[in-house]
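Enquirer: Shown below is the structure under consideration.
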Amino acid sequence: MKSHVTILSIIVFAQFCCTSMWFACNAVLSDLITQFELSQHAIGYMTNAVQCGFIIGTLTLALLSVADRFSPSKVFFISASIGALLNLGILLESNTLIGLIAFRFGVGFCLAGIYPVGMKIASDYFENGLGKSLSYLVAALVLGTAFPHLLKSMSGTYHIHWENVIYFTSAISLIGGLLIYLRIPDGPFRRPATTIDLSKTVTLFKNRNFRSFTFGYIGHMWELYAFWAFVPIILMNISTSQSPINISLWSFIIIAIGSFGCILGGHLSLRFGSRQVALSALITSGFCCFIFPFLGSTFQSLQLGLLLVWGGSVIADSPLFSSLIATHAPPLHRGTALTIATCLGFTITLVSVQSMTYLVEHYHSDFVYWSLLIGPIFGVASILKR
């Protein structure tokens, strides 16, 4: 029997490998715009295509109780393998914007069988200290999300062509899926469901604690993906001819630092409780959002410093909300609970990302980022109301 450290390490590494597909196109967006003659507004469409696919995927998996009825490891492997192939579809020379959106939608659908299912696998192995375990898992998601930006930042130094970013993310996604399939059997705490229960979603929301923490998670998600999607745009506005910024490298750093925030939050949750730490992270990211527009373009170093704090806190509460949701769901339907909460959280990102796209396009002011404050305010209110 493998040790818990070995099991968690494999799950975390596999999650990192597979989620690298998430923002692969965002990292090479400038190249895609040139290659396929796209408009500058493609960032919103490309990001929301993945989010839509993920939402439809999580909704499908939740309604059919896929993660509870079938082996989570097999679901993870199949999703990673198909997602890797669809990710390669970006490289077709005949692609149009519609084609690119379709491929990104497919990748998002497959990610629904990776991210929440990975949390399900972890919850089947770790009933005690689940918040800490999930913090490492979400940290892997953060690094996976940021990783394509790092690859892109090295393109000039190591002559990495943009197509290689897509090839590499597809390859490691397949590796991650194989690792889970070959090395991680179903966990000892797994309680497989045998039937489809479409009423379970409604029943779950009758649980006050589950409802409160799911709403908190939704508030967190309103801010998170809109912030991540527009980090490169924020950095472009900060960069000046006198003080140029490596946009790709700094995008990686600001997003990736969230992995440390997740791990720190997970460890702090053992002492202070997941609810309290999640609440603190929401308040911190909301404060960063509020302060940012006041710094102005003349304080580049302060802006970068605040973005680092923002990047570290904006994701730190995510594994804690997942832990709280899993803890307050019936063991037999834990996979469905995690999947439906994730589905709702990502649904709200469609609104926030598209709203931010519109605001940035029509209003050239840093104060447009105040729209992200809606998330932390809603999330904090939901937790305190519990």
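Enquirer: Would you confirm, using the coordinates I've provided, whether Phe321 is assigned to a helix (DSSP H, G or I) and crowded, with 24+ Cβ neighbours inside 10 Å?
Expert: Yes; evaluated as a whole, the condition is true for this residue.
Enquirer: Ile340: β-branched (Val, Ile, Thr) and either within 22 Å of Pro293 (Cα to Cα) or not in a helix (DSSP H, G or I) (or both), yes or no?
Expert: No; evaluated as a whole, the condition is false for this residue.
Enquirer: Among the numbered conditions (1) under 21 Å from Leu264 (Cβ atoms); (2) in a helix (DSSP H, G or I); (3) modelled with pLDDT under 90, tell me where Asn128 comes up short.
Expert: Among (1) under 21 Å from Leu264 (Cβ atoms); (2) in a helix (DSSP H, G or I); (3) modelled with pLDDT under 90, the lone unmet condition for Asn128 is (2).
Enquirer: Go through (1) within 18 Å of the chain's Cα centre (by Cα); (2) crowded, with 23+ Cβ neighbours inside 10 Å; (3) aliphatic (A, V, I, L, M) and name the single condition Ala67 misses.
Expert: With respect to (1) within 18 Å of the chain's Cα centre (by Cα); (2) crowded, with 23+ Cβ neighbours inside 10 Å; (3) aliphatic (A, V, I, L, M), Ala67 is out only on (1).
Enquirer: Moving on to the next point. So Ile245 ticks every box in (1) under 25 Å from Gly296 (Cβ atoms); (2) assigned to a helix (DSSP H, G or I); (3) touching a Leu at 6+ places or on another chain (Cβ under 7 Å) but one. Which box is left unticked?
Expert: So Ile245 meets the others, but not (2).
Enquirer: Within region 283-302, can you find the residues that are in contact with a Phe, Trp or Tyr (Cβ under 7 Å, 6 or more places away or on another chain), within 29 Å of Ser135 (Cβ to Cβ) and modelled with pLDDT under 95?
Expert: Phe292
Enquirer: Then there's this: Which condition breaks for Leu338 when tested against (1) in contact with a Pro (Cβ under 6 Å, 6 or more places away or on another chain); (2) modelled with pLDDT of 85 or more; (3) under 22 Å from Leu63 (Cβ atoms); (4) not hydroxyl-bearing (Ser, Thr, Tyr)?
Expert: Of everything listed in (1) in contact with a Pro (Cβ under 6 Å, 6 or more places away or on another chain); (2) modelled with pLDDT of 85 or more; (3) under 22 Å from Leu63 (Cβ atoms); (4) not hydroxyl-bearing (Ser, Thr, Tyr), Leu338 misses just condition (2).
Enquirer: Could you list, in sequence order, the residues of region 12-41 that are of a type outside the set (A, V, I, L, M, F, W, C), touching a residue at least 60 places away in the same chain (Cβ under 8 Å) and in contact with a Leu (Cβ under 9 Å, 6 or more places away or on another chain)?
Expert: Gln15, Thr19, Ser20
Enquirer: Then there is this: Residues of region 341-376 being closer than 15 Å to Thr58 by Cβ and surrounded by 23 or more Cβ atoms within 10 Å (Cβ to Cβ), which ones?
Expert: Ala341, Thr342, Gly345, Phe346, Ile348, Thr349 - these are the residues of region 341-376 that are closer than 15 Å to Thr58 by Cβ and surrounded by 23 or more Cβ atoms within 10 Å (Cβ to Cβ).
Enquirer: Where the second residue is part of a helix (DSSP H, G or I) and modelled with pLDDT of 80 or more and the first is β-branched (Val, Ile, Thr) and lies in region 124-143, which pairs have Cβ atoms under 7 Å and are six or more apart or on separate chains?
Expert: These pairs meet every condition: Val138/Cys262; Val138/Ser318; Val138/Pro319; Val142/Ile255; Val142/Ala256; Val142/Gly258; Val142/Ser259; Val142/Cys262.
Enquirer: Those residues that are over 17 Å from the mean Cα position of the chain (by Cα) and charged (D, E, K, R), I need them from region 111-150; list them, please.
Expert: Selection gives Asp124, Glu127, Lys132.
Enquirer: Give Thr157, Thr195, Thr145 a once-over and let me know the one that is at pLDDT below 85, of a type outside the set (Lys, Arg), farther than 29 Å from His4 by Cβ and part of a helix (DSSP H, G or I).
Expert: After ruling out the rest, the residue left standing is Thr157.
Enquirer: Please find, within region 21-63, the residue that is modelled with the lowest pLDDT out of those that are closer than 17 Å to Ala229 by Cα and not in a helix (DSSP H, G or I).
Expert: Checking each candidate, the answer is Gln40.
Enquirer: Restricting the first residue to region 211-227 and requiring it to be free of Cβ contacts under 8 Å to residues at least 24 places away in the same chain, which pairs with a second residue that is in a helix (DSSP H, G or I) meet a Cβ separation below 9 Å and a spacing of at least six or different chains?
Expert: Arg211/Leu204; Arg211/Ser382
The values are calculated or read from the model by the stated rules, or taken from the named source; none is laboratory data. None of the values given here were measured: they were computed from a predicted structure. Methodologically, a virtual Cβ is constructed for each residue, glycine included, from the backbone with ideal geometry; neighbour enumeration extends over all protein chains shown.
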